[in-house]
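The values are calculated or read from the model by the stated rules, or taken from the named source; none is laboratory data. Quick caveat, the model's predicted, so the values are computed rather than measured. Virtual Cβ from ideal backbone geometry, glycine too; neighbours counted across all protein chains shown.
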Ligand SMILES: [Zn+2]
């Protein structure tokens, strides 16, 4: 039972708060602290959110902080949910605070590139926090994707060694132990500062839970004042926009530059990722107010809806798209296949449906991309084969834990139903050695 929660600091990441709880509570192991906060392993995998707290912890925390406020003010919710449709936004807010959920099902979480793999910090903020509070903590605003400076101090953020993405082995890494006394490097590029301030302000703005203006309509309006939309409003020049944006952001050295297919999807209202939208809006010269507090008329929204059917003047450059997508797809598919990219670490089948959704591809695009198609073919497998791999994975995992286990344990973590076992057996041989298969089959026969 939680005895005491420390005071949460301004803009502190919920994860950081729990880390400090671990330090201050006198829990002598991670396991003990985790047990006080959560029920099971899958409850706490994501550092950008608060995870699925157990009822005791929830009760205690709600007395200090209402769940909705905790999600709004101390998680990355304002980033990921900023531009999603209204109902989805409300639903995500509720579920993040009250229900077990996989954030990937609530909104789009793009894969992380080099430079954004770990939690970031500002050396000057850390110094100030130590003076004021006696310890450093992880700030939320330093974790906004593609923001490379602290907007308060105009100095470059540093990457810590604490992975930002969800991991299989969750550990409390309190900022105080992971942030040294580092020198601050002041950012001199005014454009980098301007871009960071832009994202920072959009992130910080109150979330709108009243109006449901599609982000595609807002961007369409912004585009209508530029050369990227024909004055008639009937043709957009997506390729030109993507090329120009690419050049602009490359010169700024940001981590994840929006690709043509992400831009195209955002313009068609099929992608609402924070960093992609902000890149488009900032590049088009849109005011922050236009994004967070749009004043479009019903006619304007209607006009944009109709534009979805219009011709895209520059057809997609398939060769380029294929080349751009293939390495990302390879990484994504591998992570899904061997489980390293999945929140619970379980291998999964790489299905086309999943790839289209997670990679932000539009219908049938893969058919025009030979490199990507080859990758898909390489990972293609039948359901029984994927079940076999899940069983082997579960078996090895349990064996590693070193405790006695039974078929029911394998079933629970592999998620493979008993009625499917007969079709699985032939595939076990393909993915494990004879001894392992023998032992698995033995377990099966006992049950
Ligand atoms: Zn700072």
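Assorted remarks:
- Of the criteria (1) more than 16 Å from the ligand (Cβ to nearest atom); (2) under 30 Å from residue 333 (Cα atoms), which one residue 98 fails: (2)
- Segment 282-301, subset touching a helix residue (DSSP H, G or I) at 6+ places or on another chain (Cβ under 7 Å) and outside any helix (DSSP H, G or I), residue modelled with the highest pLDDT: 286
- Out of 377, 381, 435, sole residue that is without any contact (Cβ under 8 Å) to a residue 40 or more places away in the chain and farther than 30 Å from residue 328 by Cα: 435
- The set of residues in segment 178-193 being away from the ligand (no atom under 16 Å from the Cβ) and touching a residue at least 60 places away in the same chain (Cβ under 8 Å) consists of 189, 191.
- The residues of segment 201-224 that are outside any helix (DSSP H, G or I), within 17 Å of residue 280 (Cβ to Cβ) and in contact with a helix residue (DSSP H, G or I) (Cβ under 8 Å, 6 or more places away or on another chain), listed by number, are 213, 214.
- So residue 114, is it touching a strand residue (DSSP E or B) at 6+ places or on another chain (Cβ under 6 Å) and farther than 14 Å from residue 9 by Cβ: no
- Yes/no for residue 1 being assigned to a loop (DSSP other than H, G, I, E, B) and at pLDDT 85 or above: no
- Filtering segment 425-443 to residues that are assigned to a helix (DSSP H, G or I) and either surrounded by 15 or more Cβ atoms within 10 Å (Cβ to Cβ) or outside the structural domain of residue 394 (by TED's automatic domain parsing) (or both) leaves 425, 427, 428, 431, 436, 437, 440, 443.
- Wholly within segment 12-119, helices (runs of 4 or more DSSP H) carrying at least 2 residues that are within 24 Å of residue 354 (Cα to Cα): 77-80, 86-98
- Selection within segment 339-362 - over 19 Å from the mean Cα position of the chain (by Cα) and not in a loop (DSSP other than H, G, I, E, B): 352
- Looking only at segment 134-160, and only at residues there that are under 13 Å from residue 199 (Cα atoms) and outside any loop (DSSP other than H, G, I, E, B), the one that is farthest from the ligand (Cβ to nearest atom): 143
- Residues of segment 384-411 classified as out of contact with any helix residue (DSSP H, G or I) (no Cβ under 6 Å at 6 or more places or on another chain) and either in a helix (DSSP H, G or I) or touching a residue at least 60 places away in the same chain (Cβ under 8 Å) (or both), total: 9
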